[in-house]
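Asker: Take this structure, written in structure tokens, and hold onto it; I'll ask about it next.
Nothing in this text is a laboratory measurement; each read-out follows from the coordinates by a stated rule. What you see is a predicted model, and the numbers here were worked out from it, not measured in a lab. As a convention, Cβ positions derive from the backbone with ideal geometry for all residues, glycine included, and neighbour counts pool all protein chains shown.
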Amino acid sequence: MRIACPFCGERELGEFTYLGDAAPKRPSAFAADGAEQPDAQDLFFDYVYLRDNIAGDMDERWYHGGGCRSWLTVTRNTTTHEIKAVGAAPGAGAQKPAKAGATS
Amino acid sequence: MAEYSWEAQSPLRKAFAPGRLGLASGDAGVAMTEISDFNLVQVMARRGLVANVAKAAKKAWGVLPPERPGAAVGKGATLIWTGPDQFFVLSVGNGPDPVSPLAAIFDGMASLSDQSGGRCLIRLSGARVRDALAKVSSIDLHDAVFPVGAAAATSIDHTGVNLWRRSDAANGSPVYSLLVFTSFADSLWHTLADAAAEYGVEATRTPLS
Ligand SMILES: [Zn+2]
């Protein structure tokens, strides 16, 4: 499997580290008015431990630690390893990459 | 305040052996050179200030920092892409404080960190240098895709390196520079020397010029 880093170009899997599902968003322990969320424990349990086991296209976070050290969002088919899109993860670098590549 | 007197040591003091290595007959196919006496500072543009950083660099060295993997040779420094919105400034010197002059140039637009003692600089050239590198790197070094001025942040033997191509040598052979963390330098030198041994290696040391 190879990933086309939007900053570096196409590289082999060994240069990347897998984090996992890009979907989970850190919940807040507090409501907008500052009061404690009554279901905060459940929300955090879900955020930390519970993952969907997707068979098909999945948005994932990958880290190009063996290259430019950027976090990437990779859309990968978990059954075929086909990669449909690669882009910079939110907050990676201060400017948008010139082009995002896709490869399998 | 205590006075310290640091004695600079080569990060290759265990691995480096001057002279000929591997194939002993004919011209050495690969020249491996440890480059010393350089200042290396990492520049990371602060969010939203990439254009300001580029302008300041252009004013200081006459070249723009590469926006894509590449190395730009300016007046007094080479700017090497290391990642989005960040680059190395490589220059001749071995002073104790390479950051202050850059802090004046970038004036709060970028975060700076001194890497002079943190990296080892190795130069590779020779008629068979590409054959040797092909064994250990997956980067395509063909002229068409990796011309003079090209650069890559990549891994060789599971070790992160910054690789770029300098102007060709007088004899026409390509010249590559490589920065590696000092603690991995001995190991990487061995790997490179092993890959190049069948072509004959000439190992030397020289200050950056
Ligand atoms: Zn990259």
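Asker: If you count, for every residue in A:61-68, the Cβ atoms of partner chains within 10 Å of its Cβ, what is the mean?
Answerer: 4
Asker: Please give the net charge around B:ASP143, taking every other residue with its beta carbon less than 11 angstrom from that of B:ASP143, where Lys and Arg add +1 and Asp and Glu add -1.
Answerer: Within the 11 Å Cβ shell, the charges total 0.
Asker: Still on this model: Using only the C-alpha atoms of the range B:38-114, find the volume of their convex hull and express it per residue in Å³.
Answerer: For the range B:38-114, the hull spanned by Cα atoms encloses 73 Å³ per residue.
Asker: Net charge near B:LEU179, counting Lys/Arg +1 and Asp/Glu -1 over other residues with Cβ under 11 Å of its Cβ?
Answerer: So the environment of B:LEU179 carries a net charge of +2.
Asker: Still on this structure: Go through the range B:47-118 and name the trypsin sites (Lys or Arg not before Pro) that are in a DSSP coil and have 12 or fewer other Cβ atoms within 10 Å of their Cβ.
Answerer: Of the trypsin sites (Lys or Arg not before Pro), the ones in loops of the range B:47-118 whose Cβ has at most 12 other Cβ atoms within 10 Å are B:ARG47, B:LYS75.
Asker: Mind checking Rg over Rh on chain B, alpha carbons, Kirkwood formula for Rh?
Answerer: Answer for chain B: 0.98.
Asker: Would you list, by chain and number, the aspartates and glutamates whose Cα falls below 19 Å from the Cα of B:LYS59, excluding same-chain residues fewer than 8 positions away?
Answerer: B:GLU67, B:ASP85, B:ASP107
Asker: Counting Lys +1, Arg +1, Asp -1, Glu -1, what net charge surrounds A:LYS84 among other residues with beta carbon under 12 Å of its beta carbon?
Answerer: Once all neighbours under 12 Å are counted, the net charge is -3.
Asker: If you take the alpha carbon radius of gyration of chain A and divide it by 2.2 N^0.38 Å, what ratio comes out, to two decimals?
Answerer: This ratio for chain A stands at 1.26.
Asker: Let me ask something else about it. Hey, in the GNM for chain B with a 10 angstrom Cα cutoff, which one of B:LEU124, B:LEU49, B:LEU112 fluctuates hardest?
Answerer: B:LEU49
Asker: With no solvent and one point on each alpha carbon, what is the Debye value of log10 I(q)/I(0) for the range B:105-160 at q = 0.12, 0.16, 0.20, 0.27 Å⁻¹?
Answerer: For the range B:105-160 at q = 0.12, 0.16, 0.20, 0.27 Å⁻¹, log10 I(q)/I(0) is -0.44, -0.70, -0.92, -1.27.
Asker: Using helices alone, I'd like the mean residue ellipticity at 222 nm for the protein assembly as shown: each DSSP H run of four-plus residues gives -39500 (n - 2.57), total over residue count, nearest 500.
Answerer: Result for the protein assembly as shown, helices only: -5000 deg cm²/dmol.
Asker: Let me know the mean shielding of A:10-20 by other chains, meaning the per-residue number of their Cβ atoms within 10 Å of its Cβ.
Answerer: Average neighbour count from other chains, rounded to a whole number: 2.
Asker: Here are some pairs, A:LYS25/B:LYS58; A:LYS25/A:LYS84; B:LYS14/B:LYS135; which of them have Cα atoms lying more than 32 Å apart in this structure?
Answerer: A:LYS25/B:LYS58, as the Cα separations exceed 32 Å there.
Asker: Distances over 19 Å make up what percent of all Cα-Cα pairs in the range B:69-137?
Answerer: Considering the range B:69-137, 47 percent of its Cα-Cα pairs are separated by more than 19 Å.
Asker: May I pose another question? Counting every Cα pair in the protein assembly as shown, what percent are over 28 Å apart?
Answerer: 49 percent
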